[in-house]
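First comes the structure, then the notes that go with it.
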Amino acid sequence: MPTIGLNALSIFIGDTRVCEQLQLTMDSGQNWAILGPNGSGKTTLLMTLAGLLPAQKGCILLDNQPLSSLSGRDRARRLGILFQGSDDAFPSTVLNSVMMGRHPHINPWRWENQDDLDLATASLATVGLTGFEQRQLDTLSGGERRRVAIACLLTQDPPVCLLDEPTNHLDMRHQLDTLAHFAVRSQQPGHLNIMVLHDVNLALCYCSHAMLLYGDGIVEHGPITEVINTTRLEKLYQCPIRRLQDNNGTAYLPM
């Protein structure tokens, strides 16, 4: 069962203290939201959790092993990341792009097999892109390309998914479909998701836990219904917040 442990983790960007001496364990079965204002270091924290940026102090453990001790291939088999944006380095079809997710699992001396192709096809179906397999990436809309990137991550099929603003470029239906899929995925044995979100209400609907980044080194974290409240959100976003509640649940709106 995957776990990510943060042991006295400190991350700084110029004058911004993303986190300071952070002690936290994120376990299988959890779906985490990272929330905070612009410039608070949400993406930097996610990149550090992926091992792509260094922390100033402390360490990150993946399944009780130092993340820095893992080879790139081993890390990619166990942890995958959806970046905030994507630049296509070369022309490609949708299917070839999604199949890139299988590379950590394929030895250099073999090609993709039918199981790899089936997983890629299923991932495209999950994001609603069945029939797009032979489309060129440069013919797609921004939202369609975002869904290709999500399908690539699903094809990689890592136990831990790190997602930087997964709803970027997506219309309302596909935002809900994407977040619902990852919420269900986190409840399957052996899966953990950590995602950067800007919409507090979507986080409340789909995430089990939350981290609030204030940019001063303080990080509040825990089950999302315990962490999110009007006082904290007003402090976090520096604006008046109104809490609404009915039989369908709770929502927070800026005033």
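List of remarks:
- Among the candidates Q156, Q188, residue that is modelled with pLDDT under 95 and within 17 Å of the chain's Cα centre (by Cα): Q188
- Any chance L170 is buried (at least 23 other Cβ atoms within 10 Å of the Cβ) and either touching a residue at least 24 places away in the same chain (Cβ under 8 Å) or within 22 Å of R73 (Cα to Cα) (or both): no
- Of the residues making up the range 122-132, those that are touching a Leu at 6+ places or on another chain (Cβ under 8 Å) and surrounded by 15 or more Cβ atoms within 10 Å (Cβ to Cβ) are S123, L124, T126, V127, F132.
- Yes/no for I224 being β-branched (V, I, T) and surrounded by 14 or more Cβ atoms within 10 Å (Cβ to Cβ): yes
- Members of the range 136-159 that are without any contact (Cβ under 8 Å) to a residue 60 or more places away in the chain and not charged (D, E, K, R): Q136, L137, T139, L140, S141, G142, G143, V148, A151, C152, L154, T155
- Some residue of the range 158-175 being in a helix (DSSP H, G or I) and under 21 Å from K42 (Cβ atoms): yes
- Evaluating G72 against the criteria (1) in contact (Cβ under 8 Å) with a residue 40 or more places away in the chain; (2) loosely packed, with under 13 Cβ neighbours inside 10 Å leaves one unmet condition, (1).
The values are calculated or read from the model by the stated rules, or taken from the named source; none is laboratory data. Just so we're clear, the structure is a prediction, and the values are computed from it rather than from any experiment. Don't worry about glycine lacking a Cβ; one is built from the backbone with ideal geometry, like all the others, and counts go over all protein chains shown.
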